[in-house]
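To start, the structure under review is shown below, and the notes come after it.
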Amino acid sequence: MSEIYLSRCALNPRRRGASRLLASMERMHAAILQNCFHESQWEGEAPPRILWRLDRHQKGYYLYIQSPVRPDFTQFVEEAGWPEIKSSFGVKNYQPFMERLAEGSSWNFRLAATPTRAVKGEGAKRSKRIPIVKDEDRIKWLASRAKGWGFEIPQVAVNPAESEANGLAVAIVEKERIRFQRGKSGKPGSLVTLNRVAFEGILTVKDPEVLRSAIQNGLGAAKAYGCGLLTLAPR
């Protein structure tokens with residue numbers, strides 16, 4: 001298994017640099033690549049898969065980054081973080097933890113994703129992906145894809161009359177519609193709209209190798225825009 005790092009950096013939303021990044025997920029993604037990593041780390045090749053996620057907290061946001069190379073937060077913290085607080089960011093080697101994942105083990109998890117479904121109009125050659133808007137359907141979306149990602153979400157309901165979604169050990173803790181202009185070289189481009197949902201709950205590992213691959217590569221779509229990062233914590 002290749003190296004993998006999980007990092008956390010507290011953002012200060014009162015700083016101009018942070019507010020500018022928070023206004024555009026594309027800008028945030030570009031800043032992470034440019035300020036936290038160096039091209040020499042992948043020797044001129046295409047940048048590796050770098051996942052990230054924004055989690056709200058009382059004083060602002062935590063930025064989580066998962067990467068196969070170690071990030072350097074020096075410049076990023078100076079522009080958008082809390083440089084006066086040394087403990088405001090940290091990096092840890094995630095590989096030993098990933099290797100300890102075992103079949104049948106249970107973990108608390110958090111995932112930001114954009115649940116969608118494919119719809120094919122009459123006469124259309126290709127399906128179009130549209131957002132899933134009901135919370136119950138979003139939870140069912142996650143549960144239906146869990147096996148393909150190497151885990152399952154256990155049932156917690158004792159009443160068999162409860163719906164599948166309500167009986168699962170998962171909840172939606174954040175949801176927001178994000179809009180920003182996608183463009184290059186400062187030129188305005190198409191408008192991007194994401195229906196971002198943050199899930200928290202319990203998962204049980206069914207296939208450790210498949211789960212490790214899913215964590216490394218990200219779950220679902222919109223990975224460049226802060227979705228797809230699954231983090232685990234002991235129960």
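The values are calculated or read from the model by the stated rules, or taken from the named source; none is laboratory data. Computed from a prediction, not measured in an experiment: that's the story for all the values here. Neighbour counts are summed over all protein chains in view; Cβ atoms, including those assigned to glycine, are modelled from backbone coordinates with ideal geometry.
Computed quantities for the displayed model
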read-out: Yes/no for E103 being surrounded by fewer than 12 Cβ atoms within 10 Å (Cβ to Cβ) and not in a helix (DSSP H, G or I); value: no
read-out: Given (1) surrounded by 12 or more Cβ atoms within 10 Å (Cβ to Cβ); (2) closer than 24 Å to A221 by Cα, index of the condition A46 fails; value: (1)
read-out: The stretch 34-61, residues that are touching a residue at least 24 places away in the same chain (Cβ under 8 Å), touching a helix residue (DSSP H, G or I) at 6+ places or on another chain (Cβ under 9 Å) and polar (S, T, N, Q); value: N35
read-out: Residue within the stretch 99-112 that is under 17 Å from the mean Cα position of the chain (by Cα), at pLDDT 90 or above, among the aliphatic types (A, V, I, L, M) and in the same structural domain as A171 (by TED's automatic domain parsing) present; value: yes
read-out: Within the stretch 127-151, tally of residues that are under 22 Å from V210 (Cβ atoms), in contact with a helix residue (DSSP H, G or I) (Cβ under 8 Å, 6 or more places away or on another chain) and surrounded by 15 or more Cβ atoms within 10 Å (Cβ to Cβ); value: 3
read-out: Pairs with Cβ under 9 Å, 6+ apart, first in the stretch 75-97 and without any contact (Cβ under 8 Å) to a residue 24 or more places away in the chain, second surrounded by fewer than 16 Cβ atoms within 10 Å (Cβ to Cβ) and among the hydroxyl-bearing types (S, T, Y); value: P83/T74
read-out: Residue under evaluation E39, criteria (1) exposed (fewer than 12 other Cβ atoms within 10 Å of the Cβ); (2) closer than 24 Å to L219 by Cβ; (3) not β-branched (V, I, T), criterion not met; value: (2)
read-out: Which numbered condition R56 fails, given (1) surrounded by 12 or more Cβ atoms within 10 Å (Cβ to Cβ); (2) not in a strand (DSSP E or B); value: (2)
read-out: Flag for S2 being of a type in the set (S, T, Y), over 14 Å from P71 (Cβ atoms), modelled with pLDDT of 90 or more and surrounded by fewer than 19 Cβ atoms within 10 Å (Cβ to Cβ); value: no
read-out: Evaluation of A31 against (1) free of Cβ contacts under 8 Å to residues at least 60 places away in the same chain; (2) buried (at least 18 other Cβ atoms within 10 Å of the Cβ); (3) in a strand (DSSP E or B) (one fails), failing number; value: (3)
